[in-house]
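The structure appears right after this line, and notes come after that.
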Amino acid sequence: MFRQHALPRRYAFRWLLAATIMIIVPAAVAGVAPAVPAEAAARYVYLTFDDGPSTPYTSQIVSILATYQVRATFFETGANVTAHPSLTRLARRGGNSVQNHTWGHKNLTKVTWQSFKYQVRAADSAIRAQTGYTPRCLRPPFGAVNSKVYSRAASLGKTIVLWTLDPRDWSRPGTATITRRVLNNVKNGSIILLHDGGGNRSQTVAALPAILKTLKARGYRFRTRWC
Ligand SMILES: [Zn+2]
């Protein structure tokens, strides 16, 4: 009896081994396979909007972001937050980040320490009143920075966030030009500067759907800054 079972047992072992390989190898491959999509998913950009909130552009932009299920960071001035508090609350909806762009859009390289503190803290208070949190990011107006601005910002607990891609939408070069400048220069990790305040931003609003649609088609994800 023992010898009669010897052969089938050996076959059984081989089948077990084969079955194990058939299960483990595809599982291992399946485990590796998601690495490619994960790498593609690692492509990301930061969309940022400065100088708002303002009417009607901020609400138009928030609506477009929601349509494309995209999040952005709004660097708002305290004065505009105070003028349009409901727009700041609207900007926050959908997971967008609202951060500090000073109280009155001052060039921070040209102000006293007293004024610097006021510009940052007054904007903090205005934003906190609408969002419930104190911004940790500071975008100095005009991108004007020097070593003193960096050290003063740090002493107030702020991280300075500038940008890496500026399509100069504020100069109103045309919707197609804004779209092209973004899409031709974007790369992984880009911080894209756009504006929802400070003037007529209808070209920026009009450019946004094509920008979002194309970046999504290229596999970009959209991150927000909280610093
Ligand atoms: Zn600005």
#### Entry: Evaluated over the range 103-178, the Cα radius of gyration and Dmax, each in Å
14.2, 43
### Task
Please give every one of the lysines within straight-line cross-link reach of residue 213, meaning a C-alpha to C-alpha distance under 18 Å, and leave out same-chain neighbours fewer than 8 residues apart.
187
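What is the diffusion coefficient of the range 43-188 in µm²/s, taking the Kirkwood radius over Cα pairs and the Stokes-Einstein relation at 25 °C with a viscosity of 0.890 mPa s?
On the way: Rh = 15.8 Å.
The Stokes-Einstein estimate is 156 µm²/s.
What's the ranking of 111-122, 44-55 by average number of surrounding C-beta atoms within 10 Å, highest first?
Answer by packing, highest mean first, reads 44-55, 111-122.
Given R₀ = 41 Å, FRET efficiency for residue 223-residue 112 by Cβ-Cβ distance, to 0.05?
Values: r = 35 Å, r/R0 = 0.85.
That gives a FRET efficiency of 0.70.
No value in this document is a laboratory result; all are computed from the given coordinates. Worth saying up front: this structure is predicted, and the values here are computed from it rather than measured. Note: ideal-geometry Cβ built from the backbone for every residue, glycine included; neighbour counts use all protein chains shown.
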